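Here the structure is laid out as structure tokens; the discussion comes afterwards.
The values are calculated or read from the model by the stated rules, or taken from the named source; none is laboratory data. Treat the numbers as computed from the prediction; the structure is a model and nothing was measured. Using ideal geometry, Cβ is built from the backbone for each residue, glycine included, and neighbour counts are taken over all protein chains shown. Accessible surface is based on the protein model in full, side chains and every heavy atom, while ligands, DNA and RNA are left aside. Shrake-Rupley method; radii C 1.70, N 1.55, O 1.52, S 1.80 Å.
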Amino acid sequence: MAENGHSEPLPYRIGHGFDLHRLEPVPADAPSGAGLVVCGVRMSTDVTAVGHSDGDAVYHAVTDAILGAIAEPDIGQLFPDTSPKWKGADSSIFVTEAVARAGAAGYGLGNIDVTVVLERPRLSTHKDRMRTNLAALLRVGADRVNLKGKTHESVDAIGTGQAIAVHAVVLMIRRNT
Ligand code: MG
């Protein structure tokens, strides 16, 4: 290790992100079309994710995976939910910031694998759009991005539709300098 506490740059860095949001019925006074937002796709559901921003748990988990890979502060530290600045925010801005920080640190995205645990609705009809959204934000081809949907087999809070959980694993590759 060098004297400043930094090791030699690694050719690869792995990151993991997890997020969970509570689901609640869409408020009666919400604008029409207000539903659950997953990976940039707003679905016509009768529930919505409780959160300070738009509650997109995929974008939050992906943000934390990238920030984790480059050993930077996490999403809650960079975008505190006490700040009015991020109230109702489109969570794609968090992913974009994480990608920018990774670029500044000398890393680009290798590939990413995301698992969404949600009892309903099923994601199958939305998956292609979700992958396309994520690939565009990460500035890679869709073949570098995978997204899986799973139920929680009716078990526990997620299985009874009270929450959505997301796991993301990312591999970052050091750019030639
Ligand atoms: Mg979150």
Study note, to complete from the structure: Counting as exposed only trypsin sites (Lys or Arg not before Pro) in DSSP loop states with no more than 14 other Cβ atoms inside 10 Å, the longest exposed-site-free span of the chain is 1-86
Review point. Using r as the Cβ-Cβ distance of residue 176 and residue 143, and R0 as 25 Å, what FRET efficiency do you calculate, to the nearest 0.05?
Key: 0.75
Point to revise | Computed lengthening from residue 87 to residue 18, 0.36 nm per intervening residue step minus Cα-Cα distance | key: 22.8 nm
Practice item. Any chance you could give the angle, 0 to 90 degrees and rounded to 10, that helix 127-138 forms with the longest Cα principal axis of the chain? Key: 40 degrees
Point to revise | Residues in the stretch 77-91 reached by a label modelled at residue 136 [backbone nitrogen below 20 Å; 7 Å Cα→Cβ] | key: 89-91
Check your understanding: When only C-alpha pairs under 8 Å and at least 6 residues apart count, what is the relative contact order of the stretch 12-174, in percent?
Key -> 33 percent
Check your understanding: How large, in percent, is the carbon and sulfur part of the accessible surface of the chain at a probe radius of 1.4 Å?
Key -> 51 percent
Revision key, fill the gap. Given the candidates 133, 38, 86, the one whose Cα lies deepest towards the positive end of the charge dipole of the chain, counting +1 at each Lys or Arg C-beta and -1 at each Asp or Glu C-beta, is 133
Point to revise | Those lysines that a straight Cα-Cα span of less than 20 Å connects to residue 150, excepting residues fewer than 8 apart in one chain | key: 127
Point to revise | Pairwise centroid distance, computed over Cα atoms, of the stretch 155-177 with the stretch 84-127, Å | key: 9 Å
